[in-house]
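J.: Encoded as structure tokens, here's the structure I'll be asking about.
The values are calculated or read from the model by the stated rules, or taken from the named source; none is laboratory data. Since the model is a prediction, treat every value here as computed from it, not as a measurement. Heads up, the Cβs are rebuilt from the backbone with ideal geometry, glycines too, and the neighbour counts pull from every protein chain shown. SASA here: full protein model, heavy atoms, side chains in, ligands and nucleic acids out. Shrake-Rupley method; radii C 1.70, N 1.55, O 1.52, S 1.80 Å.
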Amino acid sequence: MSDGTPICSAKGCRAAAVWVLAWNNPKIHTPERRKTWLACEEHREHLSQFLGVRGMLKEVVTLAEWETPERQGRD
């Protein structure tokens, strides 16, 4: 989608993102650092499990919630 719509981070997926998976790798990131992957409905569980089994998943929220003004200070 070239209209600026956020796209799912799953390999080969071109669906619109609905979820934000906030994560960090404790081996290389400070505890407060948050990296993000985006997920469509279909890939949210798969991507969450991938990060979860590695101990890296910190939070899963809707894209709309992630973009609220209260959360804008995040990386």
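J.: So, for the chain, what is the accessible surface per residue at a probe of 1.4 Å, expressed in square angstrom?
T.: Solvent-accessible surface per residue comes out at 66 Å².
J.: What's the local net charge at Val18, with K and R +1, D and E -1, over the other residues with C-beta under 13 Å away?
T.: Charge balance near Val18 sits at -4.
J.: Pull out the extension gain between Lys27 and Thr68, defined as 0.36 nm times the separation in residues minus the alpha carbon to alpha carbon distance; nm, one decimal.
T.: That pair, Lys27 and Thr68, stretches by 11.8 nm at full extension.
J.: In whole Hz, with x marking every Gly and Pro, tabulate ³J(HN,Hα) for region 47-55 from phi via Karplus 6.51 cos²θ - 1.76 cosθ + 1.60, θ = phi - 60°.
T.: My calculation for region 47-55 gives 5, 5, 5, 4, 6, x, 5, 9, x Hz in order.
J.: At Ala16 and Lys58, where each label point lies 7 Å from the Cα along Cα→Cβ, what is the point-to-point distance in nanometres?
T.: It is 2.8 nm.
J.: I need the shape label for region 34-75. Rule: rounded when a/c is under 1.5, else prolate if a/b > b/c, else oblate, with a, b, c from the alpha carbon gyration tensor.
T.: Verdict is oblate for region 34-75.
J.: What ³J(HN,Hα) values, in whole Hz, does the Karplus curve 6.51 cos²θ - 1.76 cosθ + 1.60 give for region 60-68 when θ = phi - 60°, with x put for Gly and Pro?
T.: 3J(HN,Hα) across region 60-68, in whole Hz: 10, 9, 5, 4, 4, 5, 4, 8, 5.
J.: I've got another one for you. Report the label-to-label distance for Arg34 and His46 in nanometres (one decimal), using points 7 Å from each Cα along the Cα→Cβ vector.
T.: Here the modelled spin labels are 2.5 nm apart.
J.: Taking the Kirkwood radius as the inverse of the mean 1/r across Cα pairs, report the Rg/Rh of the chain.
T.: Using Cα coordinates only, the ratio equals 0.97.
J.: Rounded to the nearest 500, what is the 222 nm mean residue ellipticity of the chain from helices alone, with -39500 (n - 2.57) per DSSP H run of 4+ residues and division by all residues?
T.: One gets -4500 deg cm²/dmol as the mean residue ellipticity at 222 nm.
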